[in-house]
1. Among the listed residues Lys111, Lys102, which satisfies the condition of being farther than 12 Å from Leu22 by Cα, assigned to a strand (DSSP E or B), among the basic types (Lys, Arg) and touching a residue at least 24 places away in the same chain (Cβ under 8 Å)?
2. Among the residues of the range 62-92, count how many are surrounded by fewer than 15 Cβ atoms within 10 Å (Cβ to Cβ), more than 16 Å from Ile37 (Cα to Cα) and not polar (S, T, N, Q).
3. Going through Asp55, Asp87, Asp70 one at a time, which residue ends up being among the acidic types (Asp, Glu) and touching a Lys or Arg at 6+ places or on another chain (Cβ under 8 Å)?
4. Regarding Gly29, is this residue within 22 Å of Glu115 (Cβ to Cβ) and at pLDDT below 95?
5. Select from the range 85-107 the residues that are closer than 18 Å to Arg47 by Cβ and not β-branched (Val, Ile, Thr) and list them in ascending order.
6. Residues in the range 50-62: is at least one within 11 Å of the chain's Cα centre (by Cα) and of a type outside the set (Val, Ile, Thr)?
7. If I ask for residues that are assigned to a loop (DSSP other than H, G, I, E, B), touching a residue at least 12 places away in the same chain (Cβ under 8 Å) and touching a Ser or Thr at 6+ places or on another chain (Cβ under 9 Å), which ones from the range 48-63 would you list?
8. Does any residue of the range 34-43 turn out to be outside any loop (DSSP other than H, G, I, E, B), of a type in the set (Gly, Ala, Ser) and either touching a residue at least 24 places away in the same chain (Cβ under 8 Å) or in contact with a Cys (Cβ under 7 Å, 6 or more places away or on another chain) (or both)?
Amino acid sequence: MKIAFAFCILFLSLTMHAQESLTGVWNMGQDNTKIKITEGKGIYEGRIASSDNADVKIGNLILKEVKLVDGKWKGKMYAPKKQEWFDAILKVEGKQLLVTVKSGWASQTLKWSKE
């Protein structure tokens, strides 16, 4: 019984840590654009915090409806050039956030760095 309890505590602490590591400011690498990811009621969103590109609108929503589904962070990412939302899977690896965006059969993985 004690082993099962210890396992549950360990699992919960790892899950909570993974959720916390998604929040913060992430640099997309393109035009020094930074995205601030916040959490509310278990759902995450990301807004443009700053950019060296004068055409980028600060405060615009770029990630929405991000939540943990079957052990993976899933949500939607906005593509301004296409003016369309795409399915996205997010994975935190240390100080990098891997954002895999899917469009039909094609997918692309973006690497963002934690600020």
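The values are calculated or read from the model by the stated rules, or taken from the named source; none is laboratory data. All values reported here derive from a predicted model rather than from experimental measurement. All Cβ positions, even for glycine, are placed from backbone atoms using ideal geometry, and neighbour counts span all protein chains on display.
1. Sole residue among the options that is farther than 12 Å from Leu22 by Cα, assigned to a strand (DSSP E or B), among the basic types (Lys, Arg) and touching a residue at least 24 places away in the same chain (Cβ under 8 Å): Lys111.
2. Of the residues in the range 62-92, 10 are surrounded by fewer than 15 Cβ atoms within 10 Å (Cβ to Cβ), more than 16 Å from Ile37 (Cα to Cα) and not polar (S, T, N, Q).
3. Just one listed residue meets the conditions, Asp87.
4. For Gly29, the condition - within 22 Å of Glu115 (Cβ to Cβ) and at pLDDT below 95 - is met.
5. Matches in the range 85-107: Trp85, Phe86, Ala88, Leu90, Leu97.
6. Looking through the range 50-62, none of the residues is within 11 Å of the chain's Cα centre (by Cα) and of a type outside the set (Val, Ile, Thr).
7. Across the range 48-63, the qualifying residues are Ser51, Asp52, Asn53, Val56.
8. Among the residues of the range 34-43, not one is outside any loop (DSSP other than H, G, I, E, B), of a type in the set (Gly, Ala, Ser) and either touching a residue at least 24 places away in the same chain (Cβ under 8 Å) or in contact with a Cys (Cβ under 7 Å, 6 or more places away or on another chain) (or both), which makes the answer no.
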